[in-house]
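The values are calculated or read from the model by the stated rules, or taken from the named source; none is laboratory data. Since we're looking at a predicted model, the values are computed, not measured. Virtual Cβ from ideal backbone geometry, glycine too; neighbours counted across all protein chains shown.
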């Protein structure tokens with residue numbers, strides 16, 4: 001059987017849609033089997049329409065048997081490995097087989113239930129309409145011709161006596177199938193209706209396919225543009241990493257060297273301004289790091305950095321990173337951690353960034369004289385991280401957005417940073433398979449906030465405890 005050549009982009013779309021639609025055909029066929037059995041009983045027992053029931057039950061059994069074969073065929077197609085074009089081509093063959101089987105089966109059912117006397121010959125319209133959703137226009141032309149030919153052949157065979165006519169006793173008067181005017185009118189109306197329905201359906205289906213192909217071309221262009229933007233982003237990040245971070249890091253080292261006394265004694269007033277300069281440089285360096293982190297953070301990249309990590313060591317490093325900023329603002333930093341050494345599988349530098357971001361957030365929103373507490377605790381299957389502060393807290397209306405990119409809790413108030421610290425923390429936690437949330441206020445006696453994280457705990461041998 002000839003099948004239409006399918007462009008690759010259309011084939012990929014059809015590969016996704018065809019199996020689902022073909023399975024719907026199978027489901028509808030089970031419904032048809034039940035409808036045949038129920039219809040026979042209803043017609044004879046309720047409406048007193050007389051016709052042989054045994055052939056119809058046999059036909060229902062044959063349809064059920066064929067549908068079982070189609071069901072197995074569909075399952076095999078779903079499991080079979082093949083290219084997109086091959087799967088689409090086989091899907092169309094499967095669709096042809098089902099449509100032809102249904103048209104032949106429908107013709108047999110109509111023959112067994114009165115032929116031209118049966119008004120349900122209009123079911124041909126349903127099969128032709130549904131076929132247009134599955135097959136290209138060229139294939140639907142011959143499907144429409146097959147439906148017309150089968151019904152016309154059935155009517156002509158009964159009219160000329162080549163096929164036995166089964167009369168619907170009590171529903172139509174006899175010999176209607178031999179009345180030339182009636183037969184000609186029904187055939188003409190059926191041919192015209194089926195042709196118009198098929199033509200309109202083909203036109204609509206072709207337009208939908210054309211629009212889908214246009215959308216796929218647009219998606220292809222958009223994908224190319226995104227690839228180019230990603231290339232430019234990678235280039236910019238490399239530029240930012242080298243041309244922005246390197247000079248700043250050197251400046252930080254120079255200032256720190258002077259503060260350490262390697263360039264001579266530093267007067268108290270000079271130390272004050274050098275420390276403020278160092279803090280500003282570190283803020284700028286942190287801002288660049290935040291932009292880089294939010295651009296480069298993804299689960300696959302972090303997964304490649306995973307190793308057995310002692311979270312207590314990472315926490316001490318994070319506390320050292322924020323120590324200068326906390327002292328400058330007059331905020332006390334306290335750490336509560338278990339004395340026992342415990343490990344988890346994670347990225348040390350990302351977890352360090354997580355803790356720095358949470359601590360830095362607490363320092364920013366805690367007034368001088370306040371306190372920020374980092375707590376590490378072991379649970380049965382997780383490590384719990386909590387960072388609490390005695391700051392101003394977070395308005396309830398803004399809590400749902402606290403982990404979004406570039407979100408700032410207090411608009412119109414200058415707070416250092418780009419609003420990326422907490423969104424970066426969320427990405428790091430999610431990449432480690434954990435979760436993060438915030439409570440503000442976190443108890444009756446404090447107006448501050450508590451950020452909590454749960455990370456899966458992994459023992460040194462790599463097995464979950």
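Would you mind telling me which numbered condition in (1) more than 23 Å from residue 88 (Cα to Cα); (2) within 41 Å of the chain's Cα centre (by Cα) residue 117 fails? Just one mismatch for residue 117, condition (2).
Per-residue answers, yes or no, for (1) at pLDDT 85 or above; (2) closer than 20 Å to residue 420 by Cα; (3) surrounded by 12 or more Cβ atoms within 10 Å (Cβ to Cβ):
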| position | (1), (2), (3) |
| --- | --- |
| 217 | yes, no, no |
| 223 | yes, no, no |
| 243 | no, no, no |
| 246 | no, no, no |
| 251 | yes, no, yes |
| 269 | yes, no, no |
| 274 | yes, no, yes |
| 277 | yes, no, yes |
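Is it the case that some residue within the range 121-140 is more than 40 Å from the chain's Cα centre (by Cα), surrounded by 17 or more Cβ atoms within 10 Å (Cβ to Cβ) and part of a helix (DSSP H, G or I)? Within the range 121-140, one or more residues are more than 40 Å from the chain's Cα centre (by Cα), surrounded by 17 or more Cβ atoms within 10 Å (Cβ to Cβ) and part of a helix (DSSP H, G or I). Only one entry of 88, 40 meets the criterion of being assigned by TED's automatic domain parsing to the domain that holds residue 148, free of Cβ contacts under 8 Å to residues at least 24 places away in the same chain and crowded, with 17+ Cβ neighbours inside 10 Å, and that entry is 40.
Can you confirm whether residue 64 is outside any helix (DSSP H, G or I), touching a helix residue (DSSP H, G or I) at 6+ places or on another chain (Cβ under 9 Å) and either farther than 27 Å from residue 141 by Cβ or modelled with pLDDT under 75 (or both)? No: the conditions fail for residue 64. When the range 187-209 is filtered for residues that are modelled with pLDDT of 85 or more and surrounded by 12 or more Cβ atoms within 10 Å (Cβ to Cβ), the ones remaining, listed by number, are 187, 191. Exactly one residue out of 343, 390 is surrounded by 17 or more Cβ atoms within 10 Å (Cβ to Cβ), in contact with a strand residue (DSSP E or B) (Cβ under 7 Å, 6 or more places away or on another chain) and free of Cβ contacts under 8 Å to residues at least 60 places away in the same chain: that is 390. What number of residues within the range 324-370 satisfy the criterion of being under 18 Å from residue 391 (Cβ atoms) and either in a helix (DSSP H, G or I) or not assigned by TED's automatic domain parsing to the domain that holds residue 430 (or both)? Residues that pass the stated criteria total 15.
Figure legend. Inter-residue proximity from the range 254-275: first residues within 15 Å of residue 328 (Cα to Cα), second residues surrounded by fewer than 11 Cβ atoms within 10 Å (Cβ to Cβ), beta-carbon distance below 7 Å, spacing 6+ or different chains. No pairs are indicated.
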